[in-house]
There are 4 protein chains.
Amino acid sequence: MARQQFASDNYAGACPQAMHWLGEANASGHEPAYGDDRWTQRSTDMLRQLFDIECDVYYVFNGTAANSLALASLCQSYHSVICSPVAHIETDECGGPEFFSNGSKLLVGENQSPAAQLGKLTPEAIHTLVTKRSDIHYPRPQVVSITQATEMGTVYSLDEVRAISWMAQKHNLRVHMDGARFANAVAHLGCSPADITWRAGVDVLCFGGTKNGLPVGEAVVFFDRKLSEDFAWRVKQAGQLASKMRFISAPWVGLLENDVWLHNARHANAMAQKLYTGMLSIAGVTTLHPPQANGVFAQLPPEAVAALQAKGWKFYQFIAGGGCRFMCAWDTAPESVEALLADMRAVMAG
Amino acid sequence: MARQQFASDNYAGACPQAMHWLGEANASGHEPAYGDDRWTQRSTDMLRQLFDIECDVYYVFNGTAANSLALASLCQSYHSVICSPVAHIETDECGGPEFFSNGSKLLVGENQSPAAQLGKLTPEAIHTLVTKRSDIHYPRPQVVSITQATEMGTVYSLDEVRAISWMAQKHNLRVHMDGARFANAVAHLGCSPADITWRAGVDVLCFGGTKNGLPVGEAVVFFDRKLSEDFAWRVKQAGQLASKMRFISAPWVGLLENDVWLHNARHANAMAQKLYTGMLSIAGVTTLHPPQANGVFAQLPPEAVAALQAKGWKFYQFIAGGGCRFMCAWDTAPESVEALLADMRAVMAG
Amino acid sequence: MARQQFASDNYAGACPQAMHWLGEANASGHEPAYGDDRWTQRSTDMLRQLFDIECDVYYVFNGTAANSLALASLCQSYHSVICSPVAHIETDECGGPEFFSNGSKLLVGENQSPAAQLGKLTPEAIHTLVTKRSDIHYPRPQVVSITQATEMGTVYSLDEVRAISWMAQKHNLRVHMDGARFANAVAHLGCSPADITWRAGVDVLCFGGTKNGLPVGEAVVFFDRKLSEDFAWRVKQAGQLASKMRFISAPWVGLLENDVWLHNARHANAMAQKLYTGMLSIAGVTTLHPPQANGVFAQLPPEAVAALQAKGWKFYQFIAGGGCRFMCAWDTAPESVEALLADMRAVMAG
Amino acid sequence: MARQQFASDNYAGACPQAMHWLGEANASGHEPAYGDDRWTQRSTDMLRQLFDIECDVYYVFNGTAANSLALASLCQSYHSVICSPVAHIETDECGGPEFFSNGSKLLVGENQSPAAQLGKLTPEAIHTLVTKRSDIHYPRPQVVSITQATEMGTVYSLDEVRAISWMAQKHNLRVHMDGARFANAVAHLGCSPADITWRAGVDVLCFGGTKNGLPVGEAVVFFDRKLSEDFAWRVKQAGQLASKMRFISAPWVGLLENDVWLHNARHANAMAQKLYTGMLSIAGVTTLHPPQANGVFAQLPPEAVAALQAKGWKFYQFIAGGGCRFMCAWDTAPESVEALLADMRAVMAG
């Protein structure tokens, strides 16, 4: 078994419950393709129950596709999407949103306010971008996209999401939630999934399954079903319709049954807390802000970064000069956290 | 266990060997994401060995994506792709190739010749389409795409592929092979995978894993590595890069080890032969041509089609009025074929 | 002055009235850009009066852009457009419609019926294409596009347009009219522009100005203004918004004032009639059908084609083997027709 | 005659020499379409002579199309283009570059250095953006785009362009020059067009004709002809091929003959100098930097802005709060500058 790393929560494998249902789905022999199977129906029903609404659910292969297709369904090529400067759609999808939408521009909010330092978009930033210009030489804002939990390991509160939605509605914008770590956000907030999404004004959620314990797959959840008209065709054309769909949807049954998704997220969050708490007591390590989800962000001396890497640890430097990100996964063991902390202490003492 | 059907070879589940390696890959704990894992390296090495060449391999999620991305890498939006009128890229991908290429037009060859009736493109059809026009109001042909095995259950011979490649090269066109059922074609031909691909002039092969026994995934194989420059970026942007890549690549190890892919294909082909032979002796059923791969095409009276459906059988009518397609899979049991034949006999006798 | 040719009606220059207003527009000195000028307002008002409805009008540079942008505004990338096999959007725009729509497929109607021989789409062909399939692997039909006058020099009657619109509405499709030679069609029909467009069910018309006597420019006319929402942004993004718009719109004033557009079209149609009548009496020349607009289609012996070309005449062969198209323009002189007929007679007698 | 304004240099009409040749081109009667005419040949020869190289020239309708098509020809959808934060392609083309390239992202250089305040991209900013990341989640930089003259009325020196090209070549990037006001830059530099373009490392120039005195039209000039392979097809598909091309190309003859383009630009530049000099002596008006091309940038009190507008003056506020831009055109009369200065003095004294 390989050493557990903190580079990304997608270094983890699939959780046992997901694997169990994947095996069950295979054991059933022949099943209709393209989603007309019992597992797709079942996981979809479970998601509808979870969100307490008759939502439309589409399973796609990964987060880039989920976000890009959702955004493309909300705007035309000459429209724009408002997001934070550190939004994954802006920084890490290689132009995926622009590709799927055939050119919709991403407009990034300012990056100096305290909220922005926490990776959050603010209603004020939305207002500024929308009202800045209204001429036809500027792509008309049509969607607000927020990441929950954020790329900086923080979580929008219910009031924050509501305030963003209120501003979005005021300007006739739709609200998209990139929920690659949606489970971690709900685990932190302790609220219902409905409260932090459609009841707070979210139109479409990309519910991340991969980082939460699936082998592969995300769910695009439309709370406003008028918005998902012909979305099945969009998914097909874009190469995101699994022929043997059950292998994508059945593992979702494993995540959703008995709140495994929530337990997985709570565990990852707890490991991040444990790591954070340990780092607080290491002189020379500066944590940026208390983690609310499953990632810890900290400033380490460059030599310490190099020394940790020399000891075999993998983690990302999100900014040059020692700004480090440590991600915990659904399966991160307390011992792994302790081992990392021990090496960090040794390195800093060294 | 559900009754085995003949609607599509993607009604079948995953073969045991694929599932075994999927489980093994999961058991290893943390692994680097996006393909920097040991299973991706291993399956890629196995594919290079299989094709006897240092090819470039990319794993994507499904056939629409594999074909569309491969074609998009071979042509610009103002170019065109020559294919047969029954090519999957033309009839069943909902405009996927046009979407990924941002507008490359598919030009379909004539559909009246004997070869066309067998689902095949001919060198003559290529020549006609290329020489018909050369003005800038017509998208310049740049690629020839052939499906091996074809959508009509036939297989291009080595000489046929060579003749197509010769014509393609004469007109400076690249050759793409849609190998959704490549394994079935090789099983029929009894040749080496290298002989029917790059040694016969094929530039890029989309090697289908799903219909051959994988849960999900296809491999795009570039024999001419100059053509795959920056293809990794293309895959990422298009939402086809799996973060937990090992779950896509490890099952390939299961297919490739001990020639499982070939055994699976041979079995499916044999079941199609068995079905075809059985149908030959049923009065009123007209088979169209002897199967070379894993599908049987036949003409049934519309009432017989309805009666079979009433008995719970699922299969596609590829043309209105009783033109039926029966597909066999890697796991199709002889008993399932016999049960279908028995019902067919009963219905026709009825 | 160069010899008048019959290759295309866009070999002609601009008519004096268009040039007059172009000069007037220039003489006014500084004018607001991007369409906020008096000429754009004036020509738009004139078009609204001409069509007897408060339509939305956008001026773009050429026919490929007009058609492509109009179609893109009516469908998404995973939708399809139904047209005739000889439609300009299918055969002569180098994949422009697919490019602007990011992949919408064109579905061509059958090409064997008498109507198809005249270049016309039929309600039956629409019905067949729409009802053929409804699965998500097939791009959902969303628009019907007809060319008025057709690419074969014929004109849809009011009843024919109404029947097509009726079928389109039955299947929830929008109706687009490629009116590159709309003026010639109206001249032939003797009806009002409103009768043959929105009163007959047309949603969007691309009204061709270039072939009718403008130096450059077409008008996209939306009769249903709900369909043109944000179309100005689409035009801008697609590089079709003229900064010095008056130079595109002012010449339209010249066309629309005193029915110059209609006179120009009538003249071109009359010249085609004169040419056709003359050709009827030349042995060995087989005219295909009586012209209704400004083009004559005929079959000539290949040697005659070569001989005419050797005499300096330019015209297109629309099919290999001597199928020739002779186009008349707003400025085609009777003497030019007579000169062509004289040479044709000499060549055939030779 | 309308009052001359300072809102944009495209408020001006066409210069007499352009109109003369437009009339001449029309007088010739029938001409082959799509660029096979004598005026297109002639203006292209003149451009080749002007740039002292056998360049490839394509005429398109406007600047958005010129820039977008040029950039799209230099990169694929998963590549990126480096430009300044105030680049027109980034701020004023409504996502045109992303649309034509099907998703190429624009990466903007930093905006705090002195050079950035002058609207210029620096070699250091290029280096930073290229070396920041090299992973596949980030669109690979492929092109550097600079605007000459810049959007802030400044001009890159020969050394500055060479330094940018050197850095671009070091990183294997192509260099695109947005020359919407190329003439004004050359007029300022007093160098040859060749020196500031291909001899300084520029691969493609979009030479702006409209702001320099044409009614409509820009020229895309490829100095490296390998880069323009099949560009004619790209232009056609994108709706940028004029059928009556002579009306776009003949006016270029007027601009190029007797260096009219240079005289027009010198005049506009001189008017900007006159305006700037006058503004220096008006208390309360803060000019930002001395103009090098044809625009003056200044800070005025908001009340003064309102008062000038109330007097009928039109000009853009490029930033909120009184940051104003005053553009001079090829036809701006000294009296118009004096009238504006007089009103400005009155308003500020007020």
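The values are calculated or read from the model by the stated rules, or taken from the named source; none is laboratory data. The structure presented is a predicted model; accordingly, all values stated were derived computationally and were not measured. Note that we place each Cβ from the backbone using ideal geometry, even for glycine, and neighbour counts take in every protein chain shown. The area values use the complete protein model at the heavy-atom level, side chains included, leaving out ligands, DNA and RNA. Shrake-Rupley method; radii C 1.70, N 1.55, O 1.52, S 1.80 Å.
For region C:97-112, filtering for residues that are more than 10 Å from chain B (Cβ to nearest Cβ) and open to solvent by less than 30 Å² (accessible area, probe 1.4 Å) leaves 2.
Condition test on A:Thr131, is it over 26 Å from C:Ala238 (Cα atoms) and in the same structural domain as A:Cys206 (by the TED database)? The answer is no for A:Thr131.
Restricting to region D:1-48, name every residue that is closer than 18 Å to C:Val216 by Cα and among the hydrophobic types (A, V, I, L, M, F, W, C). So that I can check it myself, show each step before the final result.
In the first step, residues of region D:1-48 are kept if they are closer than 18 Å to C:Val216 by Cα; the result is D:13-14, D:18-40.
Listed by number, the residues that qualify are D:Ala14, D:Ala18, D:Met19, D:Trp21, D:Leu22, D:Ala25, D:Ala27, D:Ala33, D:Trp39.
On inspection, C:Thr64 passes the criterion of being within 14 Å of chain D (Cβ to nearest Cβ), in contact with an Asp or Glu (Cβ under 6 Å, 6 or more places away or on another chain) and either of a type in the set (Val, Ile, Thr) or in contact (Cβ under 8 Å) with a residue 60 or more places away in the chain (or both). Checked against (1) among the small types (Gly, Ala, Ser); (2) within 13 Å of the chain's Cα centre (by Cα); (3) open to solvent by 30 Å² or more (accessible area, probe 1.4 Å), C:Ser192 meets all criteria but (2). For C:Ala265, the conditions (1) outside the structural domain of C:Phe207 (by the TED database); (2) surrounded by fewer than 24 Cβ atoms within 10 Å (Cβ to Cβ) all hold with the exception of (2). Number of residues in region A:70-96 that are under 20 Å from B:Lys236 (Cα atoms), open to solvent by less than 10 Å² (accessible area, probe 1.4 Å) and either over 15 Å from the mean Cα position of the chain (by Cα) or facing another protein chain (nearest Cβ under 8 Å) (or both) equals 5. Screening D:Val202 against (1) within 20 Å of D:Pro123 (Cα to Cα); (2) touching a Phe, Trp or Tyr at 6+ places or on another chain (Cβ under 6 Å); (3) not charged (D, E, K, R) leaves a single unmet condition, (2).
Looking only at region B:219-229, decide whether some residue is within 14 Å of chain A (Cβ to nearest Cβ) and more than 26 Å from A:Leu22 (Cα to Cα). First the steps, then the outcome.
Just the residues of region B:219-229 that are within 14 Å of chain A (Cβ to nearest Cβ), to begin with: B:220.
Next cut, more than 26 Å from A:Leu22 (Cα to Cα) only: none.
No - not one qualifying residue is present in region B:219-229.
Note on region A:49-62: among residues that are of a type in the set (Asp, Glu) and in a loop (DSSP other than H, G, I, E, B), the one that is nearest to A:Val221 (Cα to Cα) is A:Glu54. Only residues that are without any contact (Cβ under 8 Å) to a residue 60 or more places away in the chain and within 21 Å of D:Asp224 (Cα to Cα) were counted across region D:27-61, and they come to 4. Restricting D:Arg345, D:Arg325, D:Arg266 to those that are modelled with pLDDT of 95 or more and closer than 30 Å to D:Asn26 by Cα reduces the list to D:Arg266.
For region D:282-312, residues that are surrounded by fewer than 13 Cβ atoms within 10 Å (Cβ to Cβ) and closer than 22 Å to D:Tyr156 by Cβ total 0.
Which of the residues spanning region D:7-54 are over 19 Å from the mean Cα position of the chain (by Cα) and of a type in the set (A, V, I, L, M, F, W, C)? Full working, then the answer.
Let us first name the residues in region D:7-54 that are over 19 Å from the mean Cα position of the chain (by Cα), namely D:16-17, D:19-46, D:48-49, D:52-54.
If the condition is that a residue be over 19 Å from the mean Cα position of the chain (by Cα) and of a type in the set (A, V, I, L, M, F, W, C), then D:Met19, D:Trp21, D:Leu22, D:Ala25, D:Ala27, D:Ala33, D:Trp39, D:Met46, D:Ile53 are the ones that fit.
Would you call B:Phe207 more than 19 Å from the chain's Cα centre (by Cα) and either open to solvent by less than 10 Å² (accessible area, probe 1.4 Å) or within 24 Å of B:His20 (Cα to Cα) (or both)? If you could, list the steps in order and put the result at the bottom.
Numbers: more than 19 Å from the chain's Cα centre (by Cα): no; either open to solvent by less than 10 Å² (accessible area, probe 1.4 Å) or within 24 Å of B:His20 (Cα to Cα) (or both): yes.
Judged against the criteria, B:Phe207 is not a match.
Restricting attention to region A:21-49, which residues are out of contact with any strand residue (DSSP E or B) (no Cβ under 7 Å at 6 or more places or on another chain), more than 14 Å from chain B (Cβ to nearest Cβ) and open to solvent by less than 40 Å² (accessible area, probe 1.4 Å)? Hit for region A:21-49 is A:Ser43, nothing else. Summed over region D:50-68, residues that are buried (at least 23 other Cβ atoms within 10 Å of the Cβ) and of a type in the set (Val, Ile, Thr) total 2.
Taking every residue in region D:180-203 that is in contact (Cβ under 8 Å) with a residue 60 or more places away in the chain and in the same structural domain as D:Ala66 (by the TED database) and pairing it with any residue that is surrounded by 24 or more Cβ atoms within 10 Å (Cβ to Cβ) and of a type in the set (Phe, Trp, Tyr), at least 6 positions away or on another chain, the pairs with Cβ-Cβ distances below 6 Å are D:Ala183/D:Trp261.
Under 8 Å by Cβ, and 6 or more places apart or on different chains, what pairs join a residue from region D:107-131 that is farther than 18 Å from D:Asn172 by Cβ and in contact (Cβ under 8 Å) with a residue 24 or more places away in the chain with one that is charged (D, E, K, R) and open to solvent by 30 Å² or more (accessible area, probe 1.4 Å)? Between residues of region D:107-131 that are farther than 18 Å from D:Asn172 by Cβ and in contact (Cβ under 8 Å) with a residue 24 or more places away in the chain and residues that are charged (D, E, K, R) and open to solvent by 30 Å² or more (accessible area, probe 1.4 Å), the close pairs are D:Val108/D:Glu90; D:Ala116/D:Glu110; D:Gly119/D:Glu151; D:Lys120/D:Glu160.
Can you spot a residue in region B:221-244 that is farther than 25 Å from A:Tyr11 by Cβ and surrounded by 24 or more Cβ atoms within 10 Å (Cβ to Cβ)?
Yes, because at least one residue in region B:221-244 is farther than 25 Å from A:Tyr11 by Cβ and surrounded by 24 or more Cβ atoms within 10 Å (Cβ to Cβ).
Just one of the listed residues (D:Val260, D:Val235) is assigned to a helix (DSSP H, G or I), within 14 Å of chain C (Cβ to nearest Cβ) and β-branched (Val, Ile, Thr), and it is D:Val235.
Only helices (runs of 4 or more DSSP H) wholly contained in region D:103-203 count here; list those with 1 or more residues that are at pLDDT 95 or above. First the steps, then the outcome.
Numbers: elements: D:114-117, D:123-132, D:158-170, D:182-189, D:193-196.
Of the helices (runs of 4 or more DSSP H) lying wholly inside region D:103-203, those with at least 1 residues that are at pLDDT 95 or above span D:123-132, D:158-170, D:182-189, D:193-196.
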